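Chemist: Pasting in a structure now, in structure tokens, and then I'll have a few things to ask.
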Amino acid sequence: MSLTQAELKDFEQQADIWFAENKPKRPDFILPETFMEVGSDQQFHYLRDWQAKVYEAGYVGMAWPKEYGGGGKEQSLQDIATKVMAKHRVPFLPNTIGLNWAGPLILSMGTEEEKQKYIKGILSAEDIWCQGFSEPDHGSDLGSAQCRAVKDGDEYVINGSKIWTSLGSYAKYMILIARTSNEDTSKYAGLSFFLAPMDAEGVEPRPIKKLTGEYGFCQTFFNDARIPATSLMGKEGEGWKVAMATLMFERGATGGQAGGLAMMDLSINDIVELARRTKRNGRPAIEDNHVRSQLVELITESKNNSLMSARSKISALATDWPAAVDMSGKLRSSELKRRMCQFALSLQGANGSRFIGSDAIDGGMWQRSYLNAFSGTIGGGTSQIQHNIIGERVLGLPK
Amino acid sequence: MSIIDFSEEQSMLLETANQFCRENSTISVVRTQIDKEESVDAELWSRIVELGWLGVSIPETYGGLGMGLAGAVPIVESMGKYLMGSPYTSCILTAEVILSCASEEQKNQWLPKIIEGSVATTALTEEDGNWRLEEISSRAEKDGKNLVLTGSKCFVMDGPMASLYVVSVIYEGKPRLVFATGDQVTAGRLTRENVIDETRRSYRLELDGLVIPESQLLQGADFSRIEVAAMLMLVAEMSGGLSGVLHVIIDYLTTRKQFDKYIGSYQSLKHPTVQILLSQEACRSHLYHAATQITENSADAVAAIRMAKAQGAEAFAFAGDRAVQFHGGFGFTYECDAQLFLRRALWCQYQFGDSAYHNELLAPLLLNEVV
Ligand SMILES: Cc1cc2nc3c(=O)[nH]c(=O)nc-3n(C[C@H](O)[C@H](O)[C@H](O)COP(=O)(O)OP(=O)(O)OC[C@H]3O[C@@H](n4cnc5c(N)ncnc54)[C@H](O)[C@@H]3O)c2cc1C
């Protein structure tokens with residue numbers, strides 16, 4: 001039964017009030033912009049507490065089944081709640097991997113036990129999730145992953161390492177792809193997918209410093225780490241299939257996410273507003289003709305993206321290449337964000353060359369944002385790989 | 001107000017129009033027509049008329065379907081995809097001028113004729129190529145109960161086919177619009193112009209000494225509305241053209257081999273092709289958004305259509321340019337279809353304002369009122 005317009009409106013008002021009243025105070029330290037940059041304990045605890053509070057109030061996982069800890073309500077309500085969060089510019093929910101890809105994956109492909117065990121902790125942020133896909137020698141070419149998993153009784157023994165593990169130091173579980181066989185004809189056939197506990201003996205995440213000088217991700221070492229055989233998801237050798245399903249959730253091509261904000265929102269209006277405050281050669285940047293024309297192009301491009309979301313709901317307009325809009329979401333939004341941040345530096349005159357600190361415009365957040373924006377264009381499959389995927393799957397071009 | 005409205009009716013029109021144009025405007029038909037005198041075959045035009053397409057945008061009171069300009073968009077988009085030439089967009093644009101600027105009597109006189117297939121066209125641009133429709137030098141002087149016109153007009157589409165022309169002139173110091181009928185515009189006044197898009201029939205119109213009754217002066221002169229409607233028609237064509245040229249590119253990339261591999265496997269061809277796909281999707285989104293805003297008379301309509309025109313024209317010109325390059329030596333030939341799209345894209349870019357022009361006008365619109 002679907003809710004009436006009046007009921008939806010009602011709910012929106014109620015959510016609006018809750019977020020206005022409960023928006024957490026700005027901390028006296030800098031917050032990360034996405035889950036890929038959580039680099040200190042204070043940042044982590046601040047964000048985790050926030051997610052727990054949002055979950056208790058019932059504004060995340062609203063459409064996930066009630067029996068596993070979700071709200072059991074309509075997706076439209078979650079969409080409204082997420083919109084209200086964006087409007088109030090509240091912090092993002094840090095358990096991004098759990099909420100947006102591990103969780104939906106478990107709900108769609110997992111066993112009853114797996115759903116019972118994992119879903120509630122994902123929503124409440126009690127159990128943080130990380131992702132062990134990339135390896136030092138195999139990133140874009142994920143199918144060649146070499147980290148080994150050997151079955152020994154009712155356990156698997158893991159050896160090798162994973163890298164660029166976001167939230168690695170805080171996670172309780174990892175979605176892991178590891179090689180269970182080298183015998184197979186295809187490199188993909190030897191891979192298996194695990195819901196691996198991070199507290200097992202022999203698992204060691206070591207933080208790596210990012211280009212900004214802050215911390216944010218880890219290299220995770222496995223030294224004869226023993227994990228229960230029950231953490232295998234699906235069957236041995238099905239790892240590639242499960243990993244691909246995960247990536248579809250990750251890139252937003254498939255619905256079912258728990259909702260809520262996954263990253264600090266940056267809109268083109270923030271850039272326009274910055275251009276009003278900053279100066280180039282003594283005049284407001286916004287009066288500079290070069291700045292104006294670039295702003296118009298960026299506004300047009302950000303409008304592209306918002307119109308595409310509106311259009312993707314109209315199936316009659318998805319004619320020749322129906323998957324194009326949905327499959328390109330990550331590429332379009334991450335590249336636009338990178339260019340917006342890059343452009344923001346050009347609005348600051350010589351101050352463009354400052355970095356984090358009180359002398360810099362807005363404390364140096366634009367410089368930091370630009371450097372951090374590569375998380376979107378590299379993480380989750382680089383923009384170049386996205387072009388390959390869209391070219392091959394949407395346009396049918398040969399590999 | 002919705003961001004994008006796409007009704008059941010529009011959706012049906014899109015399907016019918018796409019099928020009609022695919023069947024009736026194959027590349028060989030397009031190429032045959034290029035060598036003919038007119039932009040469209042008479043028999044094909046009468047079938048378009050029979051489908052009722054000339055009346056989609058015209059209110060029911062005058063015999064139309066009452067869908068507003070948004071009704072014409074799926075049709076023009078489909079024509080653009082298959083490079084179909086015809087006076088269709090000129091007729092829709094002229095009907096829009098009549099609806100926004102003419103008297104009730106003139107509407108009753110002309111709109112039903114347009115619906116029945118009488119060709120109507122506009123004469124707005126002049127030799128200097130100025131895009132500001134009110135900056136013109138052609139004039140009308142009063143002489144008793146008549147007006148005497150002087151000057152000349154360019155880019156008058158399908159001139160010899162037309163039975164009605166809407167001409168912009170300076171009258172009593174202000175830019176105004178007048179009707180000139182097919183009888184009044186004698187054959188000697190029209191000379192064919194050689195234009196980059198060979199599917200089009202463009203004419204120069206000599207006005208010197210043309211005498212028309214004063215009653216043919218239109219009461220209104222809403223140049224902004226005319227510009228908006230003209231841009232919408234062009235963007236619809238560009239959106240269709242983008243998907244047409246993308247099909248041409250993909251066909252070649254998946255059939256031509258070099259170094260034992262399909263050339264589509266090379267990333268220096270594959271990645272720009274994906275960019276073209278995304279720009280095509282963006283153009284289509286802007287198009288139907290602008291169509292919605294224009295039909296609903298929203299305050300954002302002008303910004304929406306300028307954005308659409310600026311974005312779409314760049315995208316289409318890039319796609320045409322790459323289409324030629326990606327065909328190698330064959331791309332350099334007249335026989336390769338890439339040139340048809342590139343030349344169409346260049347036409348669309350330079351009619352009714354190029355991207356740089358619209359971006360400049362957009363700045364105050366977008367920066368004062370934060371979007
Ligand atoms: C901030 C951040 C967080 C991350 N978090 C995680 C995480 O939590 N878990 C996890 O598993 N991984 C994570 N990653 C890893 C990420 O998925 C990989 O970095 C990415 O897939 C690229 O792999 P790579 O680093 O090995 O680069 P490479 O694959 O070595 O790529 C190097 C360059 O070559 C290009 N390239 C490679 N192959 C091709 C090709 N076929 N065609 C064209 N160009 C190509 C790439 O685009 C890139 O520019 C994260 C990365 C970042 C930056």
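Chemist: Against the conditions (1) in contact (Cβ under 8 Å) with a residue 40 or more places away in the chain; (2) within 11 Å of chain B (Cβ to nearest Cβ), where does A:Ile314 fall short? Just the number, please.
Modeler: Evaluating A:Ile314 over (1) in contact (Cβ under 8 Å) with a residue 40 or more places away in the chain; (2) within 11 Å of chain B (Cβ to nearest Cβ) leaves (1) as the failure.
Chemist: When A:Asn281 is evaluated against the numbered criteria (1) surrounded by fewer than 17 Cβ atoms within 10 Å (Cβ to Cβ); (2) modelled with pLDDT under 95; (3) closer than 30 Å to A:Trp164 by Cβ, which criterion, by number, is the only one it fails?
Modeler: (3) is the only condition that A:Asn281 fails.
Chemist: Please find, within the stretch A:35-63, the residue that is farthest from the ligand (Cβ to nearest atom) out of those that are surrounded by 21 or more Cβ atoms within 10 Å (Cβ to Cβ) and hydroxyl-bearing (Ser, Thr, Tyr).
Modeler: A:Tyr59
Chemist: Hey, another quick one. Just to be sure I understand, how many residues within the stretch B:325-345 are out of contact with any Asp or Glu (no Cβ under 7 Å at 6 or more places or on another chain), touching a residue at least 24 places away in the same chain (Cβ under 8 Å) and under 19 Å from B:Arg201 (Cβ atoms)?
Modeler: Residues in the stretch B:325-345 being out of contact with any Asp or Glu (no Cβ under 7 Å at 6 or more places or on another chain), touching a residue at least 24 places away in the same chain (Cβ under 8 Å) and under 19 Å from B:Arg201 (Cβ atoms): 3 in total.
Chemist: While we're on this one: For A:Trp366, state whether it is buried (at least 17 other Cβ atoms within 10 Å of the Cβ) and assigned to a loop (DSSP other than H, G, I, E, B).
Modeler: no
Chemist: Within the stretch B:338-347, is there a residue that is in contact with a Ser or Thr (Cβ under 9 Å, 6 or more places away or on another chain), part of a helix (DSSP H, G or I) and closer than 24 Å to A:Arg292 by Cα?
Modeler: no
Chemist: Now a separate question. Determine, yes or no, whether A:Gly379 is away from chain B (no Cβ under 13 Å) and not basic (Lys, Arg).
Modeler: Criteria met by A:Gly379.
Chemist: Going by the conditions given, is A:Leu345 in contact with a strand residue (DSSP E or B) (Cβ under 9 Å, 6 or more places away or on another chain), among the hydrophobic types (A, V, I, L, M, F, W, C) and modelled with pLDDT of 95 or more?
Modeler: So A:Leu345 fails the test.
Chemist: Taking A:Lys66 as meeting all but one of (1) closer than 26 Å to A:Tyr118 by Cβ; (2) surrounded by 14 or more Cβ atoms within 10 Å (Cβ to Cβ); (3) at pLDDT 95 or above; (4) not hydrophobic (A, V, I, L, M, F, W, C), write down the number of the exception.
Modeler: Only one criterion is unmet by A:Lys66, namely (2).
Chemist: For the stretch A:337-354, which positions are under 26 Å from A:Thr300 (Cβ atoms) and surrounded by fewer than 19 Cβ atoms within 10 Å (Cβ to Cβ)?
Modeler: Answer for the stretch A:337-354, where residues must be under 26 Å from A:Thr300 (Cβ atoms) and surrounded by fewer than 19 Cβ atoms within 10 Å (Cβ to Cβ): A:Arg339, A:Gln342, A:Leu345, A:Ser346, A:Gly349, A:Gly352.
Chemist: Let me ask another. Can you find even one residue in the stretch A:372-392 that is in the same structural domain as A:Arg280 (by TED's automatic domain parsing) and more than 13 Å from the ligand (Cβ to nearest atom)?
Modeler: no
Chemist: Shifting gears a bit: Looking only at the stretch B:6-28, how many residues end up being more than 9 Å from chain A (Cβ to nearest Cβ) and outside any helix (DSSP H, G or I)?
Modeler: So the answer is 3.
Chemist: Separate question: Looking at (1) surrounded by fewer than 18 Cβ atoms within 10 Å (Cβ to Cβ); (2) part of a helix (DSSP H, G or I); (3) modelled with pLDDT under 95, which is the only condition B:Tyr357 fails?
Modeler: Result: B:Tyr357 fails condition (3) only.
Chemist: Taking the criterion of being within 15 Å of the ligand (Cβ to nearest atom), in a strand (DSSP E or B) and either buried (at least 20 other Cβ atoms within 10 Å of the Cβ) or within 25 Å of the chain's Cα centre (by Cα) (or both), would at least one residue in the stretch A:186-193 satisfy it? Write out each step before concluding.
Modeler: Start the filter on the stretch A:186-193 by keeping residues that are within 15 Å of the ligand (Cβ to nearest atom), which leaves A:187, A:191, A:193.
Now restrict to residues that are in a strand (DSSP E or B): A:191, A:193.
Pick out the ones that are also either buried (at least 20 other Cβ atoms within 10 Å of the Cβ) or within 25 Å of the chain's Cα centre (by Cα) (or both) and you get A:191, A:193.
Yes, some residue in the stretch A:186-193 is within 15 Å of the ligand (Cβ to nearest atom), in a strand (DSSP E or B) and either buried (at least 20 other Cβ atoms within 10 Å of the Cβ) or within 25 Å of the chain's Cα centre (by Cα) (or both).
Chemist: While we're looking at this one, here's another question. List the pairs whose first member sits in the stretch A:370-399 and is farther than 12 Å from A:Ala324 by Cβ, whose second member is β-branched (Val, Ile, Thr) and within 9 Å of the ligand (Cβ to nearest atom), and whose Cβ atoms are under 8 Å apart, counting only residues at least 6 apart or on separate chains?
Modeler: From the stretch A:370-399, the pairs are A:Asn372/A:Thr34; A:Ser375/A:Thr34; A:Gly376/A:Thr34; A:Ser383/A:Thr377.
Chemist: Quick check on my filter: what residues within the stretch A:305-343 are among the aliphatic types (A, V, I, L, M) and not in a helix (DSSP H, G or I)?
Modeler: A:Ile314, A:Ala318, A:Ala323
Quick grid of which residues meet (1) over 30 Å from B:Asn194 (Cα atoms); (2) surrounded by 21 or more Cβ atoms within 10 Å (Cβ to Cβ); (3) β-branched (Val, Ile, Thr):
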residue	(1), (2), (3)
B:Val49	no, no, yes
B:Leu69	no, yes, no
B:Val97	no, yes, yes
B:Glu104	yes, no, no
B:Pro112	yes, no, no
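Chemist: Could you tell me which residue of the stretch A:240-269 is modelled with the highest pLDDT, considering only residues that are surrounded by fewer than 18 Cβ atoms within 10 Å (Cβ to Cβ) and within 14 Å of another protein chain (Cβ to nearest Cβ)?
Modeler: By that ranking, first place goes to A:Asn269.
Chemist: Here is a list of conditions, (1) surrounded by fewer than 17 Cβ atoms within 10 Å (Cβ to Cβ); (2) facing chain B (nearest Cβ under 10 Å), and A:His387 meets all of them except one; can you say which number that is?
Modeler: (1)
Chemist: Just the residues that are over 25 Å from A:Gly381 (Cα atoms) and of a type in the set (Phe, Trp, Tyr), please, taken from the stretch A:309-332.
Modeler: none
Residue by residue, here is whether (1) within 11 Å of chain A (Cβ to nearest Cβ); (2) at positive phi holds:
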site	(1), (2)
B:Arg225	no, no
B:Asp251	yes, no
B:Thr273	yes, no
B:Ser279	yes, no
B:Asn297	no, yes
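Chemist: Please go through the stretch A:131-184 and give me each residue that is outside any loop (DSSP other than H, G, I, E, B), buried (at least 16 other Cβ atoms within 10 Å of the Cβ), more than 9 Å from the ligand (Cβ to nearest atom) and among the hydroxyl-bearing types (Ser, Thr, Tyr), ordered by number.
Modeler: Within the stretch A:131-184, A:Tyr156, A:Ser161, A:Tyr173 meet the criteria.
Chemist: Might you check whether a residue that is within 25 Å of B:Asp41 (Cβ to Cβ), among the aliphatic types (A, V, I, L, M) and assigned to a helix (DSSP H, G or I) occurs anywhere in the stretch B:255-274?
Modeler: no
Chemist: With A:Gly357, A:Gly329 as the choices, which residue is surrounded by fewer than 18 Cβ atoms within 10 Å (Cβ to Cβ), modelled with pLDDT under 95 and more than 11 Å from every other protein chain (Cβ to nearest Cβ)?
Modeler: A:Gly357
Chemist: Identify, please: which residue in the stretch B:219-276 is more than 30 Å from B:Glu105 (Cα to Cα) and acidic (Asp, Glu) and is, among those, nearest to the ligand (Cβ to nearest atom)?
Modeler: B:Asp260
Chemist: Under 6 Å between Cβ atoms, at least 6 apart or on separate chains: pull out the pairs that start in the stretch A:130-152 with a residue that is within 14 Å of chain B (Cβ to nearest Cβ) and end on any residue that is near the ligand (Cβ under 9 Å from one of its atoms).
Modeler: A:Ser140/A:Ile385
Chemist: Taking the stretch A:390-399 as the search range and keeping residues that are out of contact with any strand residue (DSSP E or B) (no Cβ under 6 Å at 6 or more places or on another chain) and not in a helix (DSSP H, G or I), which one is nearest to the other protein chains (Cβ to nearest Cβ)?
Modeler: A:Leu397
Chemist: A further question on this structure: In the stretch A:329-368, what residues are of a type outside the set (Asp, Glu), within 16 Å of the ligand (Cβ to nearest atom) and out of contact with any Lys or Arg (no Cβ under 8 Å at 6 or more places or on another chain)?
Modeler: Our first condition is that a residue be of a type outside the set (Asp, Glu); within the stretch A:329-368, this holds for A:329-334, A:336-358, A:360-361, A:363-368.
So of that shortlist, the ones also within 16 Å of the ligand (Cβ to nearest atom) come out as A:330-331, A:333-334, A:337-338, A:341, A:368.
Scanning the stretch A:329-368 gives A:Leu331, A:Ser333, A:Ser334, A:Lys337, A:Arg338, A:Cys341, A:Arg368.
The values are calculated or read from the model by the stated rules, or taken from the named source; none is laboratory data. From a predicted model like this one, the values you see are computed outputs, not experimental measurements. As a convention, Cβ positions derive from the backbone with ideal geometry for all residues, glycine included, and neighbour counts pool all protein chains shown.
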